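First up is the structure itself, then whatever we jot down about it.
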Amino acid sequence: MFSNNDEAAINKKLPKELLLRIFSFLDVVTLCRCAQVSRAWNVLALDGSNWQRIDLFDFQRDIEGRVVENISKRCGGFLRKLSLRGCLGVGDNALRTFAQNCRNIEVLNLNGCTKITDATCTSLSKFCSKLRHLDLASCTSITNLSLKALSEGCPLLEQLIISWCDQVTKDGIQALVRGCGGLRALSLKGCTQLEDEALKFIGAHCPELVTLNLQTCLQITDDGLITICRGCHKLQSLCASGCSNITDAILNALGQNCPRLRILEVARCSQLTDVGFTTLARNCHELEKMDLEECVQITDSTLIQLSIHCPRLQVLSLSHCELITDDGIRHLGNGACAHDRLEVIELDNCPLITDASLEHLKSCHSLERIELYDCQQITRAGIKRLR
């Protein structure tokens, strides 16, 4: 059956359309192997319709520019989604050829392609007007010029990740949002030059924004984030971990303006207190994940409010929240989320937690992980009883 004879039984029994449909479910490696079976299968396996979605992450060390160029020539207008994550050998020239050949590309992942410069975004702007999702994380040569180019040529852009592109400033953000007002997800993690002015541009021009990551944007303060809250009422996920200048004013603004909030990550924001989290919990009832690591001022009062008002809570990190006690965990264990929602609770370095907390968590039947590093009052016996 698997011979060089193109009249083999499988080719006689199945029409080419059905074989082509079967091939459409195969990964890159399997398609290449099928292409070596026979001349007929070579034509079918290398048909452009089978190459609409390509992920080359598993081959990242072997991928050079010419490979991307060859793929783009083979796939042409069929290609919709391409991941070159971690492909260090791919540069601007290959991506220019790619952009010229694959003008229907919608999702492009260039995370960690460190040879990429503004020239790539210029090519994408010129040829790839249908681009919706673009990941440029750790492409550290990217500057404001890239954001200006994307704004001019990629008006459908919905998701942009420029984490660790630390040359980007407020001018780039201003240019971006003026042409890409439909942005739904924006990751600015590690863009350390960004100030509140950049957030004011986002708040003014991106009403559809659902996800925003500002981790370690150290210059951000309440002023910028409040503008985001007031302009982006659809916000569901906010990461401001490491933004140590923010205060309870942010939690109040989220509570008043963003009722759909599901994910809040504010690790190492040590100025946040029970007062702010009380307002948040009473207004944001859809919260599912909260990272409060090193929010050192919070007490059991925050857990009481979460247990009452946040029935969908699934993941909660309280690591290094040293004022949390067994009583707070008791309320959480008796709360609306406890029985069939809560999956992860992190209590590392909470010195007041004892075996009593483990007893309170026995009612959490969906619990998958508890972290208890350096909880000196937790005993082996207590863990054994919980198990």
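The values are calculated or read from the model by the stated rules, or taken from the named source; none is laboratory data. Not measured: the values here are computed from a predicted model. Note that we place each Cβ from the backbone using ideal geometry, even for glycine, and neighbour counts take in every protein chain shown. The protein model used for the area step is the full one, side chains on, heavy atoms only, and it has no ligands, DNA or RNA in it. Shrake-Rupley method; radii C 1.70, N 1.55, O 1.52, S 1.80 Å.
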| request: Show the residue pairs that are 6+ apart or on different chains and have beta-carbon atoms under 7 Å apart, the first residue being within region 256-274 and part of a helix (DSSP H, G or I) and surrounded by fewer than 20 Cβ atoms within 10 Å (Cβ to Cβ), the second being modelled with pLDDT of 95 or more and among the charged types (D, E, K, R). | output: Asn257/Arg230
| message | For region 107-124, check the following and say yes or no: at least one residue is more than 20 Å from Val67 (Cα to Cα) and free of Cβ contacts under 8 Å to residues at least 40 places away in the same chain. | response | yes
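Condition check ((1) open to solvent by less than 30 Å² (accessible area, probe 1.4 Å); (2) outside any helix (DSSP H, G or I); (3) out of contact with any Lys or Arg (no Cβ under 9 Å at 6 or more places or on another chain)) across all residues:
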{"position": "Trp164", "(1), (2), (3)": "no, yes, no"}
{"position": "Thr192", "(1), (2), (3)": "no, yes, yes"}
{"position": "Leu212", "(1), (2), (3)": "yes, yes, yes"}
{"position": "Leu238", "(1), (2), (3)": "yes, yes, yes"}
| Would you say Leu218 is open to solvent by less than 30 Å² (accessible area, probe 1.4 Å) and either of a type outside the set (Ser, Thr, Tyr) or in contact with a helix residue (DSSP H, G or I) (Cβ under 6 Å, 6 or more places away or on another chain) (or both)? | no
| message | Can you tell me which residue is surrounded by the fewest Cβ atoms within 10 Å (Cβ to Cβ) among those in region 240-255 that are outside any loop (DSSP other than H, G, I, E, B) and aliphatic (A, V, I, L, M)? | response | Ala249
| field | Residue count, region 125-137 (criterion: open to solvent by less than 40 Å² (accessible area, probe 1.4 Å) and assigned to a loop (DSSP other than H, G, I, E, B)) | value | 4
| message | Just to be sure before I move on: is Cys229 open to solvent by less than 20 Å² (accessible area, probe 1.4 Å) and in a loop (DSSP other than H, G, I, E, B) in the structure I sent? | response | no
| remark: Picked from region 105-124 (must be of a type in the set (Ser, Thr, Tyr) and part of a helix (DSSP H, G or I)), the residue surrounded by the most Cβ atoms within 10 Å (Cβ to Cβ) is Thr120
| Long-range neighbours under 8 Å by Cβ, at least six apart or interchain, first residue more than 19 Å from Thr143 (Cβ to Cβ) and modelled with pLDDT under 95 within region 176-205, second open to solvent by 20 Å² or more (accessible area, probe 1.4 Å) and among the β-branched types (Val, Ile, Thr) | none
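Would you check if Arg330 is open to solvent by 10 Å² or more (accessible area, probe 1.4 Å) and under 18 Å from Met290 (Cβ atoms)?
no
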| Only one of His365, His309 is closer than 30 Å to Val210 by Cα, out of contact with any Leu (no Cβ under 7 Å at 6 or more places or on another chain), surrounded by fewer than 20 Cβ atoms within 10 Å (Cβ to Cβ) and in the same structural domain as Thr273 (by the TED database); which? | His309
